[in-house]
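The values are calculated or read from the model by the stated rules, or taken from the named source; none is laboratory data. What you are looking at is a predicted structure, and each value in this text was computed from that prediction instead of being measured. Because the Cβ atoms are built from the backbone with ideal geometry, glycine has one as well, and the counts that use them run over all protein chains shown.
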Amino acid sequence: MASLSFKEKVGYACGDVASNFYWRVFDVFLFIFYTDVFGLHPAAVGTMMLVTRLIDAFSDPLMGALADRTQTKFGKFRPYLLWGIIPIAAAGVLTFTVPDLDDSGKLMWAYSTYIFMMLAYTFINVPYGALLGVVTGNSQDRTTLTSFRFIGAFSGGSLVAYLTPKLVEYLGQGNEAFGWQLTMGLYGGVAALLFIITFLSTKERIAPHKEQKTPILQDIKDLTQNKPWLILFSLALIIMMTITLRGSTGTFYFKYFVEREDLIGSFSFAYMIALAVGAASTPFMTKFVDKRRLLMILMTVVTILSIAFYFVPKEQIMLMYILQIAIGFTLGPKSPLVFSMYADTADFSEWKHGRRATAMVFSAAAFAQKLGGAIAGAMIGWLLASMGYIANQVQSPDSQTSIVMLMTLIPASFAALSVFVVRFYTLSDQTVVEIQKDLDARKLTSNNSTTHALTIKGSE
């Protein structure tokens, strides 16, 4: 199989630039938007994030099953990049709209719009993620393509982290709520253009056998019998908790502990740039270290650095930036590695069961991300509420301590847990190569048999 062109790699990456105009806003700004702009109690926000994301998480396997069964002249997954543009753009604006309602009405609005937002994100992002598994079958190419993807993701995330506070202030002209609406409308327009670029520049090359018609329940059963997938699901969930805790708490950390709200944008920007550089370094790292072992090393380093962050005095801002950049660089390869490994588990599932369900496999990535984010969001809300957090007020020592813990030691504990979990992942790079060779041999045999049968039929 020929190597992917630079144009296709960049085109594919544009899709995650677009996705991060939404995901990064959720990760960094949504919680503090709900508490400090929307006016919701932090415990209510935590519960809402848990409930809505749990509801939405179960839509991911269904979306994966739907995408796997889609048949168009443009492929299975690429059409969703066009079909999902209007829903996700509309959902983004509505989620960041502050209605003139009482507290219960606002909470109902938050629940309904956030559910709509996450479903719209699922509709476009699950097929986008699955596209990785059908663009190329080469494991190293998948790692490279995934690196491009997450360079795009972190680049988009960097722009969002840096520009969002400035855009809200500039567009709102003193009306913060209106500024959020206009900012999300602008992001929706840019994201639409980027998704169109991805659609036009990519090609689906790997497809299941035409005669494969597997019931959805069978696909789900195959997943539950796919041990590498189960390990990856657990791993992705745990790492996402680490990332969400640090990302969502960073705004609170600088606003209420460091008391330098003006640094939120630059701090998040530095972190996202470090993530992008780390992601870009992944193909180089995997030339020397097996993906599984590399993940163990990286998450060990994240654990150590997160613990060190706990001991940084609030006056040592430069040290905070240094540690945050180091953590970002170390976490950067996580996403390319994990998503490349998901593609490998799709090959493993086809090799073991004789059936391929690429989108179903990749929907697990979205499921794990959302579930991990939901649990982390609930933890933030409940802990802040229990420690007496009051929006837009000077925080008590207990509240400040909880913010610092959510930024440092609690994420460190989950990073350490991920090191333990990844030890059980069994698909080494060499094993994947052998599986792909066997799959290629099976397909060649199947094609030769089909050709032979047709020849015989034609001679009768």
Q.
L66 - would you say it is closer than 20 Å to F367 by Cα, assigned to a helix (DSSP H, G or I) and under 19 Å from the mean Cα position of the chain (by Cα)?
A. no
Q.
I'd like the residue in the stretch 268-298 that is aromatic (F, W, Y) and in contact with a helix residue (DSSP H, G or I) (Cβ under 6 Å, 6 or more places away or on another chain) and, out of all such residues, is nearest to Y321 (Cα to Cα).
A. Y271
Q. Taking V168, is it crowded, with 19+ Cβ neighbours inside 10 Å and free of Cβ contacts under 8 Å to residues at least 24 places away in the same chain?
A. yes
Q. From the list V10, V37, V17, which one is modelled with pLDDT of 90 or more, crowded, with 21+ Cβ neighbours inside 10 Å and either hydrophobic (A, V, I, L, M, F, W, C) or more than 19 Å from L245 (Cα to Cα) (or both)?
A. V17
Q) For the stretch 404-423, does any single residue satisfy the condition of being of a type in the set (G, A, S), part of a helix (DSSP H, G or I), modelled with pLDDT under 75 and out of contact with any Cys (no Cβ under 9 Å at 6 or more places or on another chain)? A) no
Q) K73 is checked against (1) in contact (Cβ under 8 Å) with a residue 24 or more places away in the chain; (2) more than 24 Å from R149 (Cα to Cα); (3) of a type outside the set (G, A, S); (4) surrounded by fewer than 23 Cβ atoms within 10 Å (Cβ to Cβ) and fails just one. What number does that condition carry? A) (1)
Q: Quick one: which residue in F178, F199 is in a helix (DSSP H, G or I), of a type in the set (F, W, Y) and touching a residue at least 40 places away in the same chain (Cβ under 8 Å)?
A: F199
Q | Any chance L40 is in contact with an Asp or Glu (Cβ under 9 Å, 6 or more places away or on another chain), in contact (Cβ under 8 Å) with a residue 60 or more places away in the chain and not basic (K, R) | A | yes
Q.
Just checking, does the stretch 4-22 include any residue being of a type in the set (G, A, S), more than 30 Å from L107 (Cβ to Cβ) and not in a helix (DSSP H, G or I)?
A. yes
Q.
For the structure I just gave you, tell me whether F26 is closer than 25 Å to F254 by Cβ and surrounded by 18 or more Cβ atoms within 10 Å (Cβ to Cβ).
A. yes
Q. Taking the stated definitions as given, is D60 buried (at least 21 other Cβ atoms within 10 Å of the Cβ) and either in contact (Cβ under 8 Å) with a residue 40 or more places away in the chain or touching a helix residue (DSSP H, G or I) at 6+ places or on another chain (Cβ under 8 Å) (or both)?
A. yes
Q | Every residue from the stretch 384-427 that is closer than 17 Å to I32 by Cα and among the polar types (S, T, N, Q) | A | S386, N392, Q393, Q395, S399, Q400, S402
Q: State whether one or more residues within the stretch 348-357 are buried (at least 22 other Cβ atoms within 10 Å of the Cβ), in a helix (DSSP H, G or I), modelled with pLDDT of 80 or more and acidic (D, E).
A: no
Q: Among what's in the stretch 23-52 and is β-branched (V, I, T) and assigned to a helix (DSSP H, G or I), pick the residue that is farthest from E176 (Cα to Cα).
A: V51
Q | Every residue from the stretch 143-194 that is under 30 Å from D344 (Cβ atoms) and among the small types (G, A, S) | A | S147, G152, A153, S155, G156, G157, S158, A191
